[in-house]
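Asker: Let me begin by handing over the structure; questions about it come next.
The values are calculated or read from the model by the stated rules, or taken from the named source; none is laboratory data. Note that this is a predicted model, so its numbers are computed, not measured. Glycine gets a Cβ as well: all are built from the backbone with ideal geometry, and neighbour counts include every protein chain shown.
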(Lines give C-alpha, C1' and ligand atoms only; values in the text may rest on other atoms or scores of the structure.)
Protein backbone atom coordinates (compact mmCIF):
# COMPACT_ATOMS: atom_id res chain seq x y z
CA UNK A 1 0.00 0.00 0.00
CA UNK A 2 2.29 2.72 -1.35
CA UNK A 3 2.08 6.24 0.04
CA UNK A 4 1.54 9.03 -2.52
CA UNK A 5 3.55 11.46 -0.40
CA UNK A 6 7.18 12.40 -0.04
CA UNK A 7 8.45 11.73 3.46
CA UNK A 8 8.44 14.62 5.93
CA UNK A 9 12.20 14.27 6.36
CA UNK A 10 14.36 14.24 3.23
CA UNK A 11 18.07 13.56 2.83
CA UNK A 12 18.67 17.17 1.81
CA UNK A 13 16.46 18.73 4.51
CA UNK A 14 18.03 21.81 6.10
CA UNK A 15 15.59 22.11 9.00
CA UNK A 16 13.19 19.96 11.05
CA UNK A 17 9.71 19.16 9.69
CA UNK A 18 7.44 22.22 9.69
CA UNK A 19 3.74 21.65 10.30
CA UNK A 20 2.43 23.93 7.52
CA UNK A 21 5.15 23.27 4.96
CA UNK A 22 3.09 21.48 2.28
CA UNK A 23 1.73 23.76 -0.46
CA UNK A 24 -1.07 23.02 -2.95
CA UNK A 25 -0.20 22.30 -6.55
CA UNK A 26 -1.20 24.01 -9.78
CA UNK A 27 -4.72 23.67 -11.16
CA UNK A 28 -5.24 20.13 -12.42
CA UNK A 29 -2.14 18.72 -10.69
CA UNK A 30 -3.86 17.44 -7.55
CA UNK A 31 -7.23 17.12 -5.87
CA UNK A 32 -7.22 20.80 -4.80
CA UNK A 33 -5.29 23.78 -6.13
CA UNK A 34 -4.05 26.96 -4.47
CA UNK A 35 -7.21 28.96 -5.19
CA UNK A 36 -9.48 26.25 -3.78
CA UNK A 37 -7.14 25.89 -0.79
CA UNK A 38 -7.70 29.56 0.02
CA UNK A 39 -11.42 29.62 -0.82
CA UNK A 40 -12.41 26.72 1.44
CA UNK A 41 -10.07 27.91 4.20
CA UNK A 42 -7.97 24.79 4.64
CA UNK A 43 -5.83 26.47 7.30
CA UNK A 44 -8.91 27.11 9.44
CA UNK A 45 -10.10 23.56 8.77
CA UNK A 46 -6.74 22.23 9.97
CA UNK A 47 -6.93 24.31 13.15
CA UNK A 48 -10.43 22.96 13.77
CA UNK A 49 -9.72 19.25 13.29
CA UNK A 50 -6.10 19.02 14.46
CA UNK A 51 -5.70 16.81 17.54
CA UNK A 52 -2.28 15.38 16.67
CA UNK A 53 0.25 15.43 19.51
CA UNK A 54 3.58 15.27 17.68
CA UNK A 55 5.08 17.66 15.14
CA UNK A 56 5.27 14.74 12.71
CA UNK A 57 1.58 13.98 13.27
CA UNK A 58 0.52 17.57 12.73
CA UNK A 59 2.65 17.90 9.61
CA UNK A 60 1.18 14.63 8.30
CA UNK A 61 -2.39 15.82 8.89
CA UNK A 62 -1.71 19.16 7.22
CA UNK A 63 -0.08 17.39 4.26
CA UNK A 64 -3.14 15.17 3.93
CA UNK A 65 -5.48 18.18 3.84
CA UNK A 66 -3.37 19.97 1.23
CA UNK A 67 -2.89 16.82 -0.85
CA UNK A 68 -5.98 14.65 -0.19
CA UNK A 69 -6.06 11.08 -1.44
CA UNK A 70 -7.56 10.26 -4.82
CA UNK A 71 -7.69 6.48 -4.32
CA UNK A 72 -10.69 4.84 -2.67
CA UNK A 73 -8.75 1.78 -1.46
CA UNK A 74 -6.29 3.77 0.66
CA UNK A 75 -9.09 5.93 2.08
CA UNK A 76 -11.05 2.82 3.09
CA UNK A 77 -7.89 1.33 4.61
CA UNK A 78 -7.42 4.43 6.78
CA UNK A 79 -11.08 4.27 7.79
CA UNK A 80 -10.68 0.62 8.84
CA UNK A 81 -7.69 1.61 10.98
CA UNK A 82 -9.69 4.39 12.64
CA UNK A 83 -12.56 2.01 13.39
CA UNK A 84 -10.19 -0.51 14.97
CA UNK A 85 -8.57 2.11 17.19
CA UNK A 86 -12.01 3.32 18.28
CA UNK A 87 -13.23 -0.17 19.15
CA UNK A 88 -10.06 -1.74 20.65
CA UNK A 89 -9.36 -0.06 23.99
CA UNK A 90 -6.04 -1.85 24.79
CA UNK A 91 -4.73 -1.03 21.31
CA UNK A 92 -5.81 2.59 21.69
CA UNK A 93 -4.11 2.90 25.09
CA UNK A 94 -0.89 1.37 23.74
CA UNK A 95 -0.86 3.73 20.75
CA UNK A 96 -1.55 6.71 23.01
CA UNK A 97 1.42 5.69 25.20
CA UNK A 98 3.67 5.38 22.15
CA UNK A 99 2.68 8.84 20.91
CA UNK A 100 3.14 10.44 24.34
CA UNK A 101 6.58 8.90 24.63
CA UNK A 102 7.52 10.07 21.14
CA UNK A 103 6.29 13.59 21.82
CA UNK A 104 8.52 13.89 24.90
CA UNK A 105 11.72 13.33 22.88
CA UNK A 106 10.76 14.43 19.36
CA UNK A 107 12.33 17.88 19.53
CA UNK A 108 15.56 16.38 20.87
CA UNK A 109 15.68 14.17 17.78
CA UNK A 110 15.33 17.18 15.48
CA UNK A 111 17.95 19.03 17.54
CA UNK A 112 20.32 16.10 17.00
CA UNK A 113 19.75 16.11 13.24
CA UNK A 114 19.85 19.86 12.68
CA UNK A 115 21.47 21.46 15.73
CA UNK A 116 24.83 23.19 16.01
CA UNK A 117 26.70 22.27 19.18
CA UNK A 118 28.55 25.35 20.36
CA UNK A 119 31.07 23.88 22.83
CA UNK A 120 31.90 25.47 26.18
CA UNK A 121 32.15 29.10 25.16
CA UNK A 122 28.86 29.82 23.40
CA UNK A 123 26.03 32.26 23.03
CA UNK A 124 23.14 30.44 21.30
CA UNK A 125 21.07 32.71 19.02
CA UNK A 126 18.21 30.25 18.47
CA UNK A 127 17.01 26.89 19.75
CA UNK A 128 19.04 24.88 17.22
CA UNK A 129 22.26 26.43 18.55
CA UNK A 130 22.96 24.31 21.63
CA UNK A 131 25.48 24.71 24.42
CA UNK A 132 27.99 21.92 24.89
CA UNK A 133 29.23 19.21 22.57
CA UNK A 134 25.95 17.41 21.90
CA UNK A 135 26.20 14.49 24.32
CA UNK A 136 22.80 14.94 25.99
CA UNK A 137 21.09 15.76 22.70
CA UNK A 138 22.62 12.67 21.13
CA UNK A 139 21.42 10.42 23.94
CA UNK A 140 17.88 11.85 23.95
CA UNK A 141 17.64 12.02 20.15
CA UNK A 142 18.64 8.42 19.63
CA UNK A 143 16.43 7.37 22.53
CA UNK A 144 13.50 8.86 20.61
CA UNK A 145 13.94 6.26 17.85
CA UNK A 146 14.99 3.36 20.07
CA UNK A 147 12.05 3.79 22.44
CA UNK A 148 9.67 4.01 19.49
CA UNK A 149 10.80 0.59 18.26
CA UNK A 150 10.49 -0.86 21.76
CA UNK A 151 6.97 0.57 22.11
CA UNK A 152 5.98 -0.79 18.69
CA UNK A 153 7.18 -4.24 19.68
CA UNK A 154 4.85 -4.13 22.68
CA UNK A 155 1.79 -3.28 20.57
CA UNK A 156 -0.81 -6.01 19.98
CA UNK A 157 -1.15 -7.16 16.38
CA UNK A 158 -3.90 -5.12 14.69
CA UNK A 159 -6.41 -6.53 12.23
CA UNK A 160 -6.55 -3.60 9.80
CA UNK A 161 -3.95 -3.69 7.05
CA UNK A 162 -3.05 0.01 7.10
CA UNK A 163 -2.48 0.09 10.86
CA UNK A 164 -0.50 -3.14 10.70
CA UNK A 165 1.80 -1.74 8.01
CA UNK A 166 2.51 1.40 10.02
CA UNK A 167 3.39 -0.59 13.14
CA UNK A 168 5.54 -2.97 11.08
CA UNK A 169 7.40 0.05 9.68
CA UNK A 170 8.33 1.08 13.22
CA UNK A 171 9.40 -2.45 14.11
CA UNK A 172 11.43 -2.90 10.93
CA UNK A 173 13.61 0.05 11.83
CA UNK A 174 15.38 -2.35 14.21
CA UNK A 175 16.82 -4.12 11.13
CA UNK A 176 18.51 -0.99 9.81
CA UNK A 177 22.09 0.21 10.07
CA UNK A 178 20.88 3.48 11.57
CA UNK A 179 19.25 1.56 14.42
CA UNK A 180 22.44 -0.44 15.07
CA UNK A 181 24.45 2.77 15.24
CA UNK A 182 21.91 4.38 17.58
CA UNK A 183 21.88 1.37 19.86
CA UNK A 184 25.67 1.04 19.83
CA UNK A 185 28.39 0.32 20.37
CA UNK A 186 29.83 2.67 17.74
CA UNK A 187 33.50 2.67 16.76
CA UNK A 188 35.38 5.55 15.21
CA UNK A 189 37.97 4.25 12.79
CA UNK A 190 40.47 6.29 10.82
CA UNK A 191 37.95 6.72 7.98
CA UNK A 192 34.42 6.63 9.40
CA UNK A 193 32.08 5.32 12.08
CA UNK A 194 31.14 1.64 12.22
CA UNK A 195 28.92 -0.71 14.13
CA UNK A 196 30.43 -3.58 16.08
CA UNK A 197 29.42 -5.98 13.31
CA UNK A 198 31.05 -3.80 10.63
CA UNK A 199 34.42 -3.31 12.37
CA UNK A 200 36.98 -6.04 11.73
CA UNK A 201 38.78 -7.12 14.89
CA UNK A 202 42.17 -6.09 13.54
CA UNK A 203 41.19 -2.52 12.62
CA UNK A 204 42.19 -0.02 15.32
CA UNK A 205 39.27 2.11 16.46
CA UNK A 206 38.02 4.23 19.34
CA UNK A 207 34.76 3.23 20.96
CA UNK A 208 32.41 6.21 21.05
CA UNK A 209 30.87 6.96 24.41
CA UNK A 210 28.52 10.01 24.46
CA UNK A 211 30.11 11.50 27.57
CA UNK A 212 33.16 13.55 28.49
CA UNK A 213 33.90 10.95 31.15
CA UNK A 214 35.89 8.17 29.47
CA UNK A 215 36.35 5.36 32.04
CA UNK A 216 38.80 3.30 30.03
CA UNK A 217 41.01 6.24 29.09
CA UNK A 218 40.99 7.72 32.56
CA UNK A 219 41.66 4.31 34.12
CA UNK A 220 44.66 3.74 31.84
CA UNK A 221 45.98 7.20 32.62
CA UNK A 222 45.73 6.57 36.37
CA UNK A 223 47.43 3.16 36.03
CA UNK A 224 50.25 4.65 34.03
CA UNK A 225 50.66 7.40 36.60
CA UNK A 226 50.74 4.86 39.47
CA UNK A 227 53.30 2.73 37.65
CA UNK A 228 55.42 5.76 36.93
CA UNK A 229 55.29 6.90 40.54
CA UNK A 230 56.09 3.38 41.74
CA UNK A 231 59.13 2.86 39.57
CA UNK A 232 60.46 6.39 39.18
CA UNK A 233 61.37 7.82 42.63
CA UNK A 234 61.94 11.31 41.23
CA UNK A 235 58.34 11.48 40.02
CA UNK A 236 57.16 10.33 43.43
CA UNK A 237 59.11 13.11 45.12
CA UNK A 238 57.65 15.64 42.70
CA UNK A 239 54.12 14.35 43.30
CA UNK A 240 54.56 14.66 47.08
CA UNK A 241 55.83 18.19 46.72
CA UNK A 242 52.88 19.44 44.64
CA UNK A 243 50.16 17.46 46.41
CA UNK A 244 48.98 20.40 48.59
CA UNK A 245 48.35 22.59 45.50
CA UNK A 246 47.41 19.84 43.04
CA UNK A 247 43.90 21.26 42.69
CA UNK A 248 45.43 24.37 41.10
CA UNK A 249 46.44 22.21 38.14
CA UNK A 250 42.96 20.73 37.64
CA UNK A 251 41.50 23.83 35.96
CA UNK A 252 44.17 24.19 33.26
CA UNK A 253 44.11 20.43 32.70
CA UNK A 254 40.32 20.47 32.25
CA UNK A 255 40.54 23.47 29.93
CA UNK A 256 42.68 21.37 27.65
CA UNK A 257 40.98 18.01 28.19
CA UNK A 258 37.34 19.09 27.64
CA UNK A 259 37.73 20.92 24.29
CA UNK A 260 39.95 18.18 22.88
CA UNK A 261 37.73 15.27 23.91
CA UNK A 262 34.42 17.08 23.37
CA UNK A 263 35.48 18.49 20.02
CA UNK A 264 36.68 15.09 18.82
CA UNK A 265 33.44 13.38 19.83
CA UNK A 266 31.29 16.08 18.26
CA UNK A 267 33.17 16.43 14.97
CA UNK A 268 34.39 12.86 14.65
CA UNK A 269 31.35 10.97 15.93
CA UNK A 270 28.14 12.93 16.57
CA UNK A 271 28.11 14.99 13.38
CA UNK A 272 28.98 12.02 11.10
CA UNK A 273 26.40 9.84 12.87
CA UNK A 274 23.62 12.41 12.56
CA UNK A 275 24.39 12.79 8.83
CA UNK A 276 23.91 9.04 8.48
CA UNK A 277 20.62 9.21 10.38
CA UNK A 278 19.35 12.12 8.30
CA UNK A 279 20.07 10.35 5.01
CA UNK A 280 18.68 7.00 6.15
CA UNK A 281 15.51 6.01 4.28
CA UNK A 282 14.60 3.84 7.25
CA UNK A 283 14.71 6.87 9.56
CA UNK A 284 12.62 8.89 7.09
CA UNK A 285 10.02 6.12 6.71
CA UNK A 286 9.84 5.49 10.45
CA UNK A 287 9.22 9.17 11.19
CA UNK A 288 6.50 9.23 8.52
CA UNK A 289 4.85 6.15 10.00
CA UNK A 290 4.87 7.82 13.42
CA UNK A 291 3.16 10.85 11.85
CA UNK A 292 0.53 8.67 10.20
CA UNK A 293 -0.20 6.84 13.46
CA UNK A 294 -0.62 10.16 15.23
CA UNK A 295 -2.89 11.33 12.41
CA UNK A 296 -5.18 8.32 12.93
CA UNK A 297 -5.33 9.03 16.65
CA UNK A 298 -6.10 12.66 15.85
CA UNK A 299 -9.15 11.50 13.86
CA UNK A 300 -10.32 9.48 16.86
CA UNK A 301 -9.78 12.37 19.29
CA UNK A 302 -11.62 14.75 16.96
CA UNK A 303 -14.72 12.58 16.91
CA UNK A 304 -14.65 12.21 20.70
CA UNK A 305 -14.33 15.95 21.30
CA UNK A 306 -16.69 17.25 18.61
CA UNK A 307 -20.00 18.66 19.87
CA UNK A 308 -22.02 17.02 17.08
CA UNK A 309 -22.28 13.55 15.51
CA UNK A 310 -19.44 12.52 13.22
CA UNK A 311 -19.36 9.51 10.92
CA UNK A 312 -16.92 7.82 8.58
CA UNK A 313 -18.52 8.17 5.13
CA UNK A 314 -19.36 5.19 2.97
CA UNK A 315 -16.99 5.37 0.00
CA UNK A 316 -18.82 4.14 -3.10
CA UNK A 317 -17.74 3.58 -6.69
CA UNK A 318 -19.56 5.38 -9.51
CA UNK A 319 -18.95 6.73 -13.00
CA UNK A 320 -19.75 10.25 -11.77
CA UNK A 321 -19.16 12.08 -8.56
CA UNK A 322 -21.97 11.76 -6.04
CA UNK A 323 -22.48 13.02 -2.52
CA UNK A 324 -25.19 12.32 0.05
CA UNK A 325 -25.22 13.86 3.53
CA UNK A 326 -27.79 13.64 6.29
CA UNK A 327 -27.51 16.15 9.10
CA UNK A 328 -24.24 17.63 7.83
CA UNK A 329 -22.66 20.58 9.65
CA UNK A 330 -19.73 22.80 8.88
CA UNK A 331 -16.59 21.30 10.52
CA UNK A 332 -15.18 24.73 11.39
CA UNK A 333 -18.22 26.80 12.34
CA UNK A 334 -20.08 24.07 14.22
CA UNK A 335 -17.16 22.88 16.34
CA UNK A 336 -17.89 25.19 19.27
CA UNK A 337 -21.49 25.99 18.37
CA UNK A 338 -23.95 23.49 19.87
CA UNK A 339 -26.84 25.24 18.09
CA UNK A 340 -25.43 24.95 14.58
CA UNK A 341 -28.21 23.92 12.16
CA UNK A 342 -27.65 20.66 10.23
CA UNK A 343 -28.76 20.09 6.64
CA UNK A 344 -29.53 17.19 4.33
CA UNK A 345 -28.40 17.08 0.71
CA UNK A 346 -28.34 14.43 -2.00
CA UNK A 347 -26.25 15.06 -5.10
CA UNK A 348 -26.40 11.49 -6.29
CA UNK A 349 -28.04 11.71 -9.69
CA UNK A 350 -27.49 15.28 -10.72
CA UNK A 351 -24.87 17.25 -12.58
CA UNK A 352 -26.03 20.80 -11.81
CA UNK A 353 -27.28 22.18 -8.50
CA UNK A 354 -28.32 25.77 -7.86
CA UNK A 355 -28.26 27.31 -4.39
CA UNK A 356 -30.20 30.57 -4.18
CA UNK A 357 -31.29 32.92 -1.46
CA UNK A 358 -30.75 36.30 0.16
CA UNK A 359 -27.42 37.45 1.52
CA UNK A 360 -26.41 36.20 4.97
CA UNK A 361 -28.73 33.21 4.64
CA UNK A 362 -25.98 30.59 4.77
CA UNK A 363 -25.43 29.75 1.07
CA UNK A 364 -21.67 30.09 1.20
CA UNK A 365 -21.35 28.35 4.58
CA UNK A 366 -23.40 25.43 3.25
CA UNK A 367 -21.31 25.03 0.11
CA UNK A 368 -18.06 25.30 2.07
CA UNK A 369 -19.48 22.60 4.33
CA UNK A 370 -19.80 20.29 1.33
CA UNK A 371 -16.29 21.01 0.07
CA UNK A 372 -14.65 20.74 3.51
CA UNK A 373 -16.53 17.53 4.32
CA UNK A 374 -15.52 16.00 0.98
CA UNK A 375 -11.94 16.95 1.81
CA UNK A 376 -12.11 15.36 5.27
CA UNK A 377 -13.58 12.21 3.75
CA UNK A 378 -10.65 11.98 1.33
CA UNK A 379 -8.08 11.92 4.11
CA UNK A 380 -9.85 9.05 5.91
CA UNK A 381 -11.41 11.25 8.59
CA UNK A 382 -14.97 11.33 9.92
CA UNK A 383 -17.25 14.11 8.71
CA UNK A 384 -19.71 16.09 10.89
CA UNK A 385 -22.90 14.35 9.79
CA UNK A 386 -25.33 11.67 10.93
CA UNK A 387 -24.94 9.75 7.67
CA UNK A 388 -22.61 10.22 4.72
CA UNK A 389 -22.01 8.52 1.39
CA UNK A 390 -19.82 9.80 -1.42
CA UNK A 391 -17.49 8.95 -4.23
CA UNK A 392 -13.87 10.05 -4.29
CA UNK A 393 -13.45 13.30 -6.23
CA UNK A 394 -10.46 13.44 -8.53
CA UNK A 395 -10.69 17.24 -8.32
CA UNK A 396 -12.35 19.56 -5.81
CA UNK A 397 -12.75 23.10 -7.11
CA UNK A 398 -14.22 26.09 -5.34
CA UNK A 399 -14.38 29.35 -7.25
CA UNK A 400 -15.06 32.66 -5.54
CA UNK A 401 -15.30 36.15 -7.05
CA UNK A 402 -11.81 37.19 -8.13
CA UNK A 403 -10.14 40.54 -7.48
CA UNK A 404 -8.53 41.82 -10.65
CA UNK A 405 -5.05 43.31 -10.71
CA UNK A 406 -3.66 46.04 -12.94
CA UNK A 407 -1.33 43.54 -14.59
CA UNK A 408 -4.21 41.26 -15.59
CA UNK A 409 -5.30 43.49 -18.44
CA UNK A 410 -8.74 41.88 -18.60
CA UNK A 411 -10.50 43.41 -15.59
CA UNK A 412 -12.56 41.49 -13.05
CA UNK A 413 -14.64 39.71 -15.66
CA UNK A 414 -11.60 38.44 -17.55
CA UNK A 415 -9.82 37.40 -14.38
CA UNK A 416 -12.79 35.32 -13.23
CA UNK A 417 -13.34 33.86 -16.69
CA UNK A 418 -9.71 32.64 -16.83
CA UNK A 419 -10.21 30.86 -13.51
CA UNK A 420 -13.46 29.29 -14.73
CA UNK A 421 -11.74 28.16 -17.94
CA UNK A 422 -8.89 26.53 -15.98
CA UNK A 423 -11.40 24.68 -13.81
CA UNK A 424 -13.45 23.60 -16.82
CA UNK A 425 -10.44 22.15 -18.65
CA UNK A 426 -9.29 20.23 -15.54
CA UNK A 427 -12.63 18.68 -14.56
CA UNK A 428 -13.94 15.20 -15.30
CA UNK A 429 -17.25 13.46 -14.46
CA UNK A 430 -15.63 12.52 -11.11
CA UNK A 431 -14.96 16.13 -10.08
CA UNK A 432 -16.78 18.30 -7.55
CA UNK A 433 -17.05 21.93 -8.68
CA UNK A 434 -18.55 24.71 -6.56
CA UNK A 435 -18.82 28.25 -7.91
CA UNK A 436 -19.88 31.31 -5.96
CA UNK A 437 -21.57 33.39 -8.66
CA UNK A 438 -20.48 33.50 -12.29
CA UNK A 439 -19.55 36.19 -14.79
CA UNK A 440 -19.27 39.09 -12.36
CA UNK A 441 -18.18 42.42 -13.80
CA UNK A 442 -20.45 42.53 -16.84
CA UNK A 443 -24.05 43.52 -17.64
CA UNK A 444 -26.96 41.51 -16.28
CA UNK A 445 -28.00 40.33 -19.77
CA UNK A 446 -24.47 39.27 -20.71
CA UNK A 447 -24.04 37.62 -17.32
CA UNK A 448 -27.10 35.42 -17.87
CA UNK A 449 -26.05 34.48 -21.39
CA UNK A 450 -22.43 33.59 -20.66
CA UNK A 451 -23.41 31.80 -17.43
CA UNK A 452 -25.81 29.67 -19.46
CA UNK A 453 -23.00 28.78 -21.87
CA UNK A 454 -20.55 27.94 -19.08
CA UNK A 455 -23.01 25.80 -17.14
CA UNK A 456 -24.05 24.00 -20.31
CA UNK A 457 -20.38 23.15 -20.79
CA UNK A 458 -19.97 21.81 -17.28
CA UNK A 459 -23.21 19.83 -17.65
CA UNK A 460 -21.92 18.16 -20.82
CA UNK A 461 -18.56 17.41 -19.21
CA UNK A 462 -20.44 15.67 -16.41
CA UNK A 463 -18.82 17.05 -13.27
CA UNK A 464 -20.93 17.50 -10.14
CA UNK A 465 -21.33 21.29 -10.29
CA UNK A 466 -22.96 23.62 -7.74
CA UNK A 467 -23.60 27.30 -8.34
CA UNK A 468 -24.36 29.84 -5.63
CA UNK A 469 -26.37 32.57 -7.33
CA UNK A 470 -28.87 35.37 -6.86
CA UNK A 471 -30.03 35.07 -10.49
CA UNK A 472 -33.26 33.14 -10.27
CA UNK A 473 -33.76 33.81 -14.01
CA UNK A 474 -30.71 31.63 -14.68
CA UNK A 475 -32.09 28.83 -12.53
CA UNK A 476 -35.52 29.16 -14.18
CA UNK A 477 -33.96 28.75 -17.61
CA UNK A 478 -32.36 25.43 -16.68
CA UNK A 479 -35.42 24.23 -14.80
CA UNK A 480 -37.51 24.77 -17.95
CA UNK A 481 -35.16 22.40 -19.75
CA UNK A 482 -35.49 19.87 -16.92
CA UNK A 483 -31.88 20.34 -15.90
CA UNK A 484 -30.54 20.97 -12.43
CA UNK A 485 -31.49 20.66 -8.79
CA UNK A 486 -32.83 23.85 -7.19
CA UNK A 487 -32.19 24.55 -3.52
CA UNK A 488 -32.63 27.73 -1.50
CA UNK A 489 -31.74 28.94 1.97
CA UNK A 490 -34.82 29.30 4.11
CA UNK A 491 -36.01 32.56 5.74
CA UNK A 492 -38.85 33.05 8.19
CA UNK A 493 -40.02 36.54 9.14
CA UNK A 494 -37.06 37.92 7.21
CA UNK A 495 -34.68 35.95 9.43
CA UNK A 496 -32.52 33.08 8.19
CA UNK A 497 -33.14 29.61 9.58
CA UNK A 498 -29.89 28.36 7.98
CA UNK A 499 -31.78 25.41 6.52
CA UNK A 500 -31.36 24.50 2.86
CA UNK A 501 -34.68 23.50 1.32
CA UNK A 502 -36.16 22.83 -2.10
CA UNK A 503 -37.06 25.72 -4.33
CA UNK A 504 -35.77 28.92 -5.92
CA UNK A 505 -35.43 32.14 -3.96
CA UNK A 506 -36.65 35.23 -5.80
CA UNK A 507 -35.85 37.81 -3.11
CA UNK A 508 -32.58 39.33 -2.01
CA UNK A 509 -33.43 40.93 1.35
CA UNK A 510 -30.85 43.56 0.46
CA UNK A 511 -32.71 46.21 2.43
CA UNK A 512 -32.70 43.95 5.52
CA UNK A 513 -28.93 43.61 5.28
CA UNK A 514 -28.51 47.35 4.75
CA UNK A 515 -30.60 48.05 7.83
CA UNK A 516 -28.64 45.51 9.85
CA UNK A 517 -25.31 47.20 9.16
CA UNK A 518 -26.78 50.71 9.42
CA UNK A 519 -26.61 51.78 5.79
CA UNK A 520 -30.21 51.76 4.59
CA UNK A 521 -31.91 54.65 2.77
CA UNK A 522 -33.05 56.06 6.11
CA UNK A 523 -29.57 55.68 7.61
CA UNK A 524 -27.97 57.52 4.70
CA UNK A 525 -30.45 60.38 5.05
CA UNK A 526 -29.65 60.59 8.76
CA UNK A 527 -25.91 60.69 8.12
CA UNK A 528 -26.40 63.47 5.56
CA UNK A 529 -28.34 65.50 8.11
CA UNK A 530 -25.53 65.23 10.61
CA UNK A 531 -26.90 62.38 12.69
CA UNK A 532 -25.10 59.21 13.72
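Asker: Is at least one residue of the stretch 342-363 at pLDDT 95 or above, under 23 Å from the mean Cα position of the chain (by Cα) and surrounded by 19 or more Cβ atoms within 10 Å (Cβ to Cβ)?
Answerer: Within the stretch 342-363, not a single residue is at pLDDT 95 or above, under 23 Å from the mean Cα position of the chain (by Cα) and surrounded by 19 or more Cβ atoms within 10 Å (Cβ to Cβ).
Asker: If a residue has to be at pLDDT below 95 and touching a strand residue (DSSP E or B) at 6+ places or on another chain (Cβ under 8 Å) to count, how many in the stretch 400-423 make the cut?
Answerer: Qualifying residue count, the stretch 400-423: 5.
Let's see how each residue does on (1) surrounded by fewer than 21 Cβ atoms within 10 Å (Cβ to Cβ); (2) within 23 Å of residue 158 (Cα to Cα); (3) within 16 Å of the chain's Cα centre (by Cα):
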site: 25; (1), (2), (3): yes, no, yes
site: 32; (1), (2), (3): no, no, yes
site: 38; (1), (2), (3): yes, no, yes
site: 94; (1), (2), (3): yes, yes, no
site: 114; (1), (2), (3): yes, no, no
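Asker: I would also like to ask the following. Could you please find all residues in the stretch 453-509 being in contact with a helix residue (DSSP H, G or I) (Cβ under 8 Å, 6 or more places away or on another chain), under 18 Å from residue 367 (Cβ atoms) and assigned to a helix (DSSP H, G or I)?
Answerer: Matches in the stretch 453-509: 454, 455, 458, 474, 478.
Asker: Another question, then. If the requirement is being at pLDDT 95 or above and more than 30 Å from residue 318 (Cα to Cα), which of these qualifies: 80, 108?
Answerer: Numbers: 80 fails: more than 30 Å from residue 318 (Cα to Cα).
The unique qualifying residue is 108.
Asker: Kindly establish whether residue 98 is over 12 Å from residue 291 (Cβ atoms), surrounded by 17 or more Cβ atoms within 10 Å (Cβ to Cβ) and in contact with a helix residue (DSSP H, G or I) (Cβ under 6 Å, 6 or more places away or on another chain). Spell out how you get there, then give the answer.
Answerer: On the way: over 12 Å from residue 291 (Cβ atoms): yes; surrounded by 17 or more Cβ atoms within 10 Å (Cβ to Cβ): yes; in contact with a helix residue (DSSP H, G or I) (Cβ under 6 Å, 6 or more places away or on another chain): yes.
So residue 98 fits the description; yes.
Asker: What is the one condition in (1) under 23 Å from residue 396 (Cβ atoms); (2) surrounded by 14 or more Cβ atoms within 10 Å (Cβ to Cβ); (3) assigned by TED's automatic domain parsing to the domain that holds residue 168; (4) more than 11 Å from the chain's Cα centre (by Cα) that residue 73 does not satisfy?
Answerer: (2)
Asker: Within the stretch 40-54, identify whether any single residue is touching a strand residue (DSSP E or B) at 6+ places or on another chain (Cβ under 7 Å) and more than 16 Å from residue 298 (Cβ to Cβ), and answer yes or no.
Answerer: Going residue by residue through the stretch 40-54, those that are touching a strand residue (DSSP E or B) at 6+ places or on another chain (Cβ under 7 Å) are 40.
So of that shortlist, the ones also more than 16 Å from residue 298 (Cβ to Cβ) come out as 40.
Within the stretch 40-54, one or more residues are touching a strand residue (DSSP E or B) at 6+ places or on another chain (Cβ under 7 Å) and more than 16 Å from residue 298 (Cβ to Cβ).
Asker: Next question. Quick check: is even one residue across the stretch 118-128 crowded, with 17+ Cβ neighbours inside 10 Å, in the same structural domain as residue 290 (by TED's automatic domain parsing) and touching a helix residue (DSSP H, G or I) at 6+ places or on another chain (Cβ under 8 Å)?
Answerer: There is no residue in the stretch 118-128 that is crowded, with 17+ Cβ neighbours inside 10 Å, in the same structural domain as residue 290 (by TED's automatic domain parsing) and touching a helix residue (DSSP H, G or I) at 6+ places or on another chain (Cβ under 8 Å).
Asker: Among the strands (runs of 3 or more DSSP E) confined wholly to the stretch 294-374, which include 3 or more residues that are touching a helix residue (DSSP H, G or I) at 6+ places or on another chain (Cβ under 8 Å), over 20 Å from residue 49 (Cα atoms) and without any contact (Cβ under 8 Å) to a residue 24 or more places away in the chain?
Answerer: Values: elements: 323-328, 343-347, 352-356.
By residue number, no strands (runs of 3 or more DSSP E) qualify.
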